[in-house]
Amino acid sequence: MTTASASAPAVVSTSPGGGLVGLGLLHAKYLLLETVRVPMAVIGPIVFPALSFAFFILPQRGLVENPTGAAQAVIQLMVFAVMVNALFSYGLNISQAREAPWEPYLRTLPAPAGARILGQVLSVGLIGVLALVPLFLMGALFTEAHADAAGIALGFVALALSSLPFVFAGIAIGYALPFKAAIAVIQIVMFGLAFAGGLFLPPMMFPDWLDTVSRFLPSREARELVIWAVQGGEVPLLELVGAAVWTVLLLAAALVLYRRDEGRRYR
């Protein structure tokens, strides 16, 4: 005979430890535990940019022995690391979660959606920070890259802000596509933005037409903004405006696709 459970639903504490931040930290903890159960999910975002640095940058002795050029090379691979982590983590996690019964259950819990979003941001952000460590060490140990402490600090701030278009792009892909399709689309978007955005090869090696197109891509804009934050110089207004426009457009797309998904499956 089947018996219905008479247990009362779990009650979420409203104490400071169980508030939005507390729930967000708790959600981040379990997302990280879920991620590290598949080691490649952590190793991939950390090792892939480091291997790209080893294969694309280190063999160019003229570049690595130039302090300015080497610093720019380190920066562009850091932008690549942040972009890869954001696109894959948000895109694949969200698309996979939408196909699992756990995600609808989470939405029934008496916890604010902001806690789940905060948990995702913290867990993905931590892996993104870890992905920058090997690049920073390789740049310091194997190249002549140089930057002062203030420039490095501003560079990390610019890197965090310029990663927003990739975060929103990953979220939009995750809510727009099923898991298998999201993998293919993210790979195409990642390689397109990386090569055309000057993250593997310096833009000065581009033909004129590609250099012009590249300046309107979020990856190229992120590269130029972080380089400006670290090394100074004239403010890249075109890239600054472009990054702001991409951020607004992709945020709007992510919100629309989230509401569409919610309207289809939870009404």
Check on Ala86, among the small types (Gly, Ala, Ser), touching a Phe, Trp or Tyr at 6+ places or on another chain (Cβ under 7 Å) and under 26 Å from Ala176 (Cα atoms): yes
Any hit, segment 87-107, residues being free of Cβ contacts under 8 Å to residues at least 40 places away in the same chain, of a type outside the set (Phe, Trp, Tyr), assigned to a helix (DSSP H, G or I) and open to solvent by 40 Å² or more (accessible area, probe 1.4 Å): no
Residue satisfying all of: in segment 12-21; in a helix (DSSP H, G or I) and either under 16 Å from Trp102 (Cβ atoms) or more than 23 Å from the chain's Cα centre (by Cα) (or both); modelled with the lowest pLDDT among these: Pro16
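Does Val129 meet the test of being among the hydrophobic types (A, V, I, L, M, F, W, C) and surrounded by 17 or more Cβ atoms within 10 Å (Cβ to Cβ)? Reasoning before the result, please.
Working: among the hydrophobic types (A, V, I, L, M, F, W, C): yes; surrounded by 17 or more Cβ atoms within 10 Å (Cβ to Cβ): no.
Against the criterion (among the hydrophobic types (A, V, I, L, M, F, W, C) and surrounded by 17 or more Cβ atoms within 10 Å (Cβ to Cβ)), Val129 does not qualify.
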Residue match in segment 137-152 (condition: touching a helix residue (DSSP H, G or I) at 6+ places or on another chain (Cβ under 9 Å), open to solvent by 70 Å² or more (accessible area, probe 1.4 Å) and under 18 Å from Ala172 (Cα atoms)): no
Among residues of segment 226-257, those that are more than 17 Å from the chain's Cα centre (by Cα), of a type in the set (A, V, I, L, M, F, W, C) and within 17 Å of Gly155 (Cα to Cα), counted: 7
Inter-residue pairs, beta-carbon under 7 Å, first in contact (Cβ under 8 Å) with a residue 12 or more places away in the chain and in segment 137-148, second part of a loop (DSSP other than H, G, I, E, B) and not hydroxyl-bearing (Ser, Thr, Tyr), 6+ apart: Gly139/Ala145; Phe142/Leu58; Glu144/Glu65; Glu144/Asn66
Among (1) within 16 Å of the chain's Cα centre (by Cα); (2) modelled with pLDDT of 85 or more - the single one Leu118 does not satisfy: (2)
Pick from segment 239-267, criterion of a type in the set (Phe, Trp, Tyr) and surrounded by 13 or more Cβ atoms within 10 Å (Cβ to Cβ), ranking: farthest from Val167 (Cα to Cα): Tyr258
Qualifying positions in segment 196-238 - crowded, with 22+ Cβ neighbours inside 10 Å and in contact with a Lys or Arg (Cβ under 6 Å, 6 or more places away or on another chain): Gly197, Gly198
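The values are calculated or read from the model by the stated rules, or taken from the named source; none is laboratory data. Because the structure is predicted, anything quoted here is derived from the model rather than measured. Methodologically, a virtual Cβ is constructed for each residue, glycine included, from the backbone with ideal geometry; neighbour enumeration extends over all protein chains shown. Accessible surface is based on the protein model in full, side chains and every heavy atom, while ligands, DNA and RNA are left aside. Shrake-Rupley method; radii C 1.70, N 1.55, O 1.52, S 1.80 Å.
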